[in-house]
Every structure is written in C-alpha cells, then in structure tokens.
Amino acid sequence: MRVMIVVTHLLGSGHLARALALADAFARAGWAADVVSGGRPAPHLAPGRATLHQLPPLASAGTDFRTLLTADGRVAGPDDHAERRERLTDLLSALRPDALITELFPFGRRTLAGEFDALLEQARAMPRPPLVLSSVRDILAPPSRPGRLPETEERLRRFYDGVLVHSDPAVIPLEDSWPLTPPMRKMLLYTGFVAPSRPNLADGDEGRDEILVTAGGGPVGRVIFETAARCARAGVLPYRWRLLVPPDEVEAVGHLRALAPAQRLTIEPLRPDFRSLLGRAAASVGRCGYNTALDCLALGVPSVFCPFEDGNETEQITRARILARRPGIAMLREADLSPDRLAAALSGVLGVAVPRLNPAVLAGAARSVEIVTAMLGERRI
C-alpha cells in the first residue's frame, strides 16, 4: 500500500516535521510513503524511511500568509502556481496512492486552494480513487471570516473520508480552537499526538544541564535569541546557554556571540540531534509550536514558552496557556520579554519535575496508520 502526504510549510518547519513523522510511521508499517513538500527545504529534518518530493518552494512574506514568495524572493505569480499544480497532479498520477493525506487543508492554506482543489478533483476522478483524509494538529487558527466555515465543510463533504486530528481530546479538543459543525464532528478521528520516538539520552554528555534555546525553523525567533544571549551575559543563572538557530539566521544573530564569554554561551545552527540535546538540558526556552511543546512534554524538560503571536496568530498562545497550568511550564509573552523576566521565569521552572504525557497519548503516528489501514480494509469489504 502507498500513502501520499501533501504539505506546505510557509513560515516555520513544524508542519513538515509532523508530516515526515507521520510518513515514517507508515513506512515502518510496510507502506510506501511519499511526502510532497511545497515549502522551503529544511535540511535539519530527515525524511526517515519516506521519500521526499520537493515542489518549487514557496514561503510567506513574514507573517503575511496571503503574500507568497518564490525561492528567489519574487511574489509568486500565476505561472508559479500553475507549475506547482502540474507537478503535484503529475505526482498523483505517477504514485497512484491508496491513501492521500492533505496536511492542514481545507482548514488552512487557503491561499493554495487552487493546487489542492486540482489535486482533490483528480484524485476523485481516478479509476481507483484513494482514501482522502485531512491531517490537522491540536489547535487551528479559527476562520477569519464567516464564509470560511461553510467553505471548509463543503470541501470536506465533497472530497474527504475523514479528518485525522493529532491530539487527545482529553488534553486539547479541536473545538477549543475551531467552531465545529455537526457534520464536521462526525468526520473527526483522534489519533493522539504525533511525536518522534524518545532519543537515546545516554549517547553523550553534550548539552547536559544547559539552557537550550530554540525558536523553530523560520525567521521568527530573533527576539528570543537576543534576550537569551543578554540573559547569559548577565550571569544571573549559573548555567551554560546553547542557542540553536535556523541556518539562514546564524549570520543575523552572530553578533550575539560577543555578548557573553564562550564558556557561557554557544550559538550554532539548528541540529538534527537537537532532541537529544533537549533531553539532557536543564531547561528549554522557545516558541510553543506543536512539535516543540510535545518534545518538552515527552522528555519532561522544564520549559519557558514564548508563543508566536505576530499576524493575529492565536495557535501558540492558546497552547501555551493550556500547558502553563502544568508544573515546570511557564509562559512569557513576547511583549514581556527581557533578560530579567526571562531569568525569573526560568528560576520558577528549573528543577521542577514536569509530568510527562502517557506514551500511548504520544503514539499518534502509529495510531494514524492503524486508522487508515482499517478504513481501507472496510472499503474493500
């Protein structure tokens, strides 16, 4: 059996990370797994056992998700979108998957509705149409205007067999962020959270008892890195700091190395083994995206979350508020960021035992494979 997962990350790389983890679970279960990515390449993310196909990449103009930029910085025009549409539908024809999964769409990525609609129309017209599912995280940006809700419901009714919700309703139900209609509710298939397997923390001592600072894979963490570096310089906390910066941001924050002595501060590009470093850290500072939050909860790392709020984004602050109710977790909004406040927030969580999520709740990737396999089996009966 073959699964094709279509994803476009426009700012950070969290959407792609989750899609790759899902695809790897299918591949481990014996499926041929293909991920089609329409965002910028993310070299720090490995496809595992899946095959990664790259469309001509697009990215948002900062937090303006309606303006999409090509790899060379141009505003994407009709020809760019037509090329992506053709590449996407050609891949569908060549791969002929048993299951087709669209990450976030139709709940989001409406600026790319043309290519998704073309893909879905072609899938429905195939001699053996694939099972079609949407894949969404725990928290969604609510509809920006009243018409969005019926549009989403109509696309689900027309093209989809179900919605994989990568959450646990006992922790974060989807209706906390999205106004579900009764027909939508019937389509929800909760999988649990999609989290990578626990890294081997005994592989080395690098990063042990440090404060690890990350801010995702996009250019939205500079203020966090600068505040952390200044906090390291102040020396209020007796810890070494390590900043893992997206590769294209290293130069932009390189001047921060001069703020603190080398024995107190390390700045380096985001690493594929960052989860091992996280598991050995005394505490974590960073955004509150889906993958970051799950990594901290799965590994039991005391954390200060600084949610991303630009461009009317509500996802991360909603998640941070919910998680800050747990011991060892604090939220510090970006408007309140300062070296003193960051040090105070860290002092409140350092050394506190963070309750880890039940491993069964973190097995969302494997559970997704079980759900899709069962749905295909029922279809053949």
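The values are calculated or read from the model by the stated rules, or taken from the named source; none is laboratory data. Keep in mind that this is a model prediction, so the values were computed, not measured. Here the Cβ positions follow ideal geometry from the backbone for every residue, glycine too, while neighbour counts run over all protein chains shown. For the accessible areas, the whole protein counts, side chains as well, though only heavy atoms, and no ligand, DNA or RNA atoms are used. Shrake-Rupley method; radii C 1.70, N 1.55, O 1.52, S 1.80 Å.
Residues that are in contact with a strand residue (DSSP E or B) (Cβ under 8 Å, 6 or more places away or on another chain) and either of a type in the set (Ser, Thr, Tyr) or open to solvent by 60 Å² or more (accessible area, probe 1.4 Å) (or both) within the stretch 337-371 comprise just one, Ser368.
How many residues, within the stretch 11-41, are at pLDDT below 90 and part of a loop (DSSP other than H, G, I, E, B)? Residues meeting the conditions: 3.
The requirement of being open to solvent by 60 Å² or more (accessible area, probe 1.4 Å), free of Cβ contacts under 8 Å to residues at least 60 places away in the same chain and either in contact with a His (Cβ under 7 Å, 6 or more places away or on another chain) or farther than 30 Å from Leu277 by Cβ (or both) is satisfied by Pro182. For Gly204, the test of being touching a residue at least 60 places away in the same chain (Cβ under 8 Å), within 30 Å of Trp241 (Cβ to Cβ) and not aliphatic (A, V, I, L, M) is passed. Candidates are the residues of the stretch 117-161 that are in contact (Cβ under 8 Å) with a residue 60 or more places away in the chain and in contact with a strand residue (DSSP E or B) (Cβ under 6 Å, 6 or more places away or on another chain); the one that is farthest from Phe308 (Cα to Cα) is Pro130. Filter the stretch 199-209 down to residues that are over 18 Å from Leu45 (Cα atoms) and within 24 Å of the chain's Cα centre (by Cα) and give me whichever is modelled with the highest pLDDT. Ranking the qualifying residues of the stretch 199-209, first place goes to Gly207.
Rundown of residues vs (1) over 21 Å from Gly351 (Cβ atoms); (2) open to solvent by less than 20 Å² (accessible area, probe 1.4 Å); (3) in contact with a Pro (Cβ under 7 Å, 6 or more places away or on another chain), yes/no style:
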{"site": "Asp205", "(1), (2), (3)": "no, no, no"}
{"site": "Val213", "(1), (2), (3)": "no, yes, no"}
{"site": "Val223", "(1), (2), (3)": "yes, no, no"}
{"site": "Cys231", "(1), (2), (3)": "no, yes, yes"}
{"site": "Ala234", "(1), (2), (3)": "no, no, yes"}
{"site": "Pro238", "(1), (2), (3)": "no, no, no"}
{"site": "Glu251", "(1), (2), (3)": "yes, no, no"}
{"site": "Leu256", "(1), (2), (3)": "yes, yes, no"}
{"site": "Ala260", "(1), (2), (3)": "yes, yes, no"}
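The rows are residues; the columns are (1) of a type in the set (Val, Ile, Thr); (2) open to solvent by 10 Å² or more (accessible area, probe 1.4 Å).
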position: Trp241; (1), (2): no, no
position: Gly279; (1), (2): no, yes
position: Val301; (1), (2): yes, no
position: Glu315; (1), (2): no, yes
position: Pro327; (1), (2): no, yes
